[in-house]
Amino acid sequence: MTESLILRTATRLLLSLMLLFSIFILLRGHNEPGGGFIGGLIAASAFALHSIAFGPAAARQLMVIDPKALAAAGVLCAVAAGLPAALFGDAFMRAQWLHWGEGEATFHVGTPLLFDIGVFLVVIGAVLTIVLALEEEDV
Amino acid sequence: MSWFLIAPILVPMTTAALAVLLWNQRPAQRAVSACGAGLHLITTILLMVQVWRGGILAGQMGDWPAPFGITLVADHLSAVMVLITGVMGFGVCLYSLSDMNENRENNGFHPLYHVLLTGVTGAFITGDLFNLYVWFEVMLIASFALLALGSEKEQLDGAIKYAAINLVSTVMFLIAIGTLYGLTGTLNMADLALRLPHVEQRGLVTTIAVLFMIAFGIKSAVFPLFFWLPASYHTPAVAVSAIFAGLLTKVGVYALVRTFTLIFTSDVAYTHGALLVVAGLTMVTGVLGAAAQNEIRRILSFHIISQIGYMIMGLALYTPLGLIGAVFYLVHHIIVKTNLFLVAGIIRRLTGSMELKRIGGLYKASPLLVVLFLIPALSLSGIPPLSGFWAKLVLIRASLEIGSYAIAATAVLVGALTLFSMTKIWGEAFWKPHPEGPARTLGIGDLTATERALLIGPIMVFAALTIAIGLWAQPFLDLATRASGELLERTPYIDAVMGVRP
Amino acid sequence: MAFTVGAMAAGSVYLLLSHNLVRVLFGLILLSNAANFVIFSAGGMVEGAPPLIAKGARDLAGVHANPLPQALILTAIVISFGLLAFALVLVYRTYQELGTIDSDRMRLAEPPYDDQDIPEPENPHRIHVRDAARRVGNRVDNRMSANGSDPA
């Protein structure tokens, strides 16, 4: 942990920006470059930056949920994304969509989004588990 | 249809995730783990029944048609391997409930165990080479962590060697996949089987075949590539080494059988000839290595290697009878080997060590354990009427049929040497009195009732299975015959995969 | 491309054969990246043409690299990232527990036999360093005692 004023001030600014950007990337993912994996990496690096500036304990406190639990929840999300297909007699992981509205303004929500959120959580959880574990070793 | 295929993968995956969520609640975690393993067993039985009744089952994930999407396929070989994974997974899980210490459970034994089961099951069911790679990695990372779990010095030492060699094998596998894709433009195994005969660069195909042989050979610990196994398998907790001994190397063997019957059959004289030599050397070095050891689990580790030789021998003969033998041997070996490791765990519990010099007196102290040890031990060395006898008999007949007398003689000799090291364990651990006086050896009666149920129960069931396969060998031989028929015939498998259109 | 992969593979083999576990780890990283390049070249290479279908079009126009191997590489990178991160932690833990990263000195899991002749594994350079340190230390001691004796 470095006691750098510049890093700490910058982190406060960057953290929220990076988290917001990661969610933007996550939601953008289905039809354009982006997605859960890259979004998860951005979010994970936001927390990793925080832990470098303020120490791993502060980062854990900020995250509220243990990164391991986050990864597990992500796996469950991803599995859950495959299951609705059973209701319609399709194969596992066949995408199921809901549509609201008409024409250009149609809003699509579907299982691929749930899957992407699952990936997002798994990536954050897994990366931070490793990063925080390594950082805590040093103290 | 495809739900039967995906269920055995989803159940342990979900169980692992739930177990992580219950990270610090030990009783709940144990309950989830046991239930998950039970459910996994049920799904594997359902899959086996489906395949037995309806033949090869294939499913396309996400309804993407065959060569593009990920295919899951279960023929009789896959189904029986998955079934045996379910049985072993459940049994060893129960055993681990009593065997694991608190430190290891708190550090995530249960989640890792189920991740391992996910990887093994996935590797058996998948019909896509790259997907196979992914399952291998899932399995590998879980096995690294399980091996190092507890962080004892010996474990870390073993885990380093295990990790280094297996990572190299992984990279080999990846390079082979890349080259194969460059050559054919597909990684679906059935599609590969169709396209590979039309590839013009025959030399390159054989090269790739050998790359795969090396990659899977490291995983399954065959002759020149086995050194990681005896360096690491005796170090972790008993339940962990039991499931490793039963399943991990066998996934490598399964991958060899699958690729060298379905895909690489163009240059049988060369590839399978090489495999035959490797098989013979594997058998001999394994059993000789075992003869030099003095610790129960290290002896058993070397025996894994020599037994792998038998399975590879069945594949290398590449006749219907040879493959029947290989399939039969796979199933028999998984049960017997896991069981022997579990028995070794009990021996340590009762006498305080696994070093043969420092234990003894078990014959007097616990007659039940004598029976439970003798059944898998004699089966391992191929004494009739136990399961190992039929497995060896079929293999030796297969080799005599095509006139490979050398390998048949090797197989018989290695069987005898196996008996020798089993008698060594017998003499040291059971006959001889304990060096520190008879009071140092506990009997089974000294365990608590729960311990007895959880530790002895799985061993008894596995022993019963061994006897059942020995006495009623016919249904199992039927199963192996069907499996080998499918492996040699190839077209039903290819049709099942490529014919399925949404 | 082929030469690059060859050079990487050769370098990684050199590193893998080292006693030093950290070097072995670097060798593995290099080797897995070499494998990624193999897959990459299997997909073919075309300059400046991402395989994206233009808006409104049904197919790719012109010659493009096959995108599937690149997806495979992405998967492989993720997996090897996980495995290597774990291996790094493992090496680090081993260093903490055993106090060495010399693979020849790790004989705990497979203890040598009593009559087995094991070459002295101590790194010769380290002996020199220690000897040098001892020599320097002696000299300092001498001087200090000399200084101490001066006023007396």
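The values are calculated or read from the model by the stated rules, or taken from the named source; none is laboratory data. Note that this is a predicted model, so its numbers are computed, not measured. Because the Cβ atoms are built from the backbone with ideal geometry, glycine has one as well, and the counts that use them run over all protein chains shown. For accessibility, only protein heavy atoms count, side chains too; no ligands or nucleic acids. Shrake-Rupley method; radii C 1.70, N 1.55, O 1.52, S 1.80 Å.
Per residue of B:308-319, other chain Cβ atoms within 10 Å of the residue Cβ number 0 on average.
For chain B, the solvent-accessible area of protein heavy atoms averages 31 Å² per residue (probe radius 1.4 Å; ligands and nucleic acids excluded).
With a cut-off of 15 Å between beta carbons, the residues surrounding B:Asn101 carry a summed charge of 0, where Lys and Arg count +1 and Asp and Glu -1. The range B:334-367 and the range B:63-122 have Cα centres separated by 26 Å.
The residue list B:Ile425, B:Ala406, B:Leu340 was ranked by how far each Cα lies along the charge dipole of the range B:279-471 toward its positive end, using unit charges on Cβ atoms, and B:Ile425 comes out on top. Which net charge results when you count Lys and Arg as +1 and Asp and Glu as -1 among the other residues whose beta-carbon is under 14 Å from that of B:Thr418? Net of charged neighbours comes to +3.
Here is the size of the range B:264-381 from its Cα atoms: Rg then Dmax, 17.1, 58 Å. Charges were assigned to the Cβ only: +1 to each Lys and Arg, -1 to each Asp and Glu. The resulting dipole of the range B:224-368 about its Cα centre is roughly 560 debye. Placing unit charges on C-beta atoms (Lys and Arg positive, Asp and Glu negative, everything else neutral), compute the dipole magnitude of the protein assembly as shown about its Cα centre in debye, rounded to 20. For this selection, approximately 900 debye. Taken along its three principal axes, the alpha carbon spread of the range B:279-471 comes to 56, 31, 20 Å, from the longest extent down to the shortest.
From most to least packed by mean Cβ count within 10 Å, the peptides C:2-12, B:322-332, B:69-79 give B:322-332, B:69-79, C:2-12. A:Thr129 sits with roughly 40 Å² accessible to a 1.4 Å probe, with DNA, RNA and ligands left out of the calculation.
Mean partner shielding of peptide B:6-19, defined as the number of other chain Cβ atoms within 10 Å of each residue Cβ, is 3. Note on the protein assembly as shown: semi-axes of the ellipsoid equivalent to its C-alpha gyration tensor, largest first and rounded to whole Å, are 41, 39, 28. Each other residue within a Cβ distance under 12 Å of B:Arg490 adds +1 if Lys or Arg and -1 if Asp or Glu, for a net charge of -3. For the range B:422-494, what is the convex hull (Cα atoms) projected area averaged across all directions, in square nanometres? Approximately 8.9 nm², given one-decimal rounding. Computed with the Debye formula from one identical point scatterer per Cα of chain B, without solvent, the log10 of I(q)/I(0) at q = 0.07, 0.12, 0.14 Å⁻¹ comes to -0.34, -1.05, -1.46. Taking packing as the residue-averaged number of other Cβ atoms within 10 angstrom, the listed peptides A:13-20, B:338-345, B:259-266 run from highest to lowest as B:338-345, B:259-266, A:13-20. Relative contact order of chain B, taken over Cα pairs closer than 8 Å and 6 or more residues apart, is 17 percent. Peptide C:33-42 shows a mean partner chain C-beta count of 5 within 10 Å per residue C-beta. Using every pair of distinct Cα positions in the range B:178-274, the Kirkwood expression returns a hydrodynamic radius of 14.8 angstrom. Sorted largest first, the spans of the alpha carbon positions of the range B:1-42 along the three principal axes are 38, 16, 7 Å. Only the Cβ atoms of Lys and Arg (+1) and of Asp and Glu (-1) were treated as charged; on that basis the dipole of chain B about its Cα centre amounts to roughly 840 debye. Estimated from helical segments only, the mean residue ellipticity of chain B at 222 nm is -24500 deg cm²/dmol, where each DSSP H run of four or more residues counts as -39500 (n - 2.57).
Given axes a ≥ b ≥ c from the Cα gyration tensor, I'd like to know whether the range B:86-147 is rounded (a/c under 1.5), prolate (a/b larger than b/c) or oblate. Judged from the Cα gyration tensor, the range B:86-147 comes out oblate (a/c at least 1.5, b/c at or above a/b).
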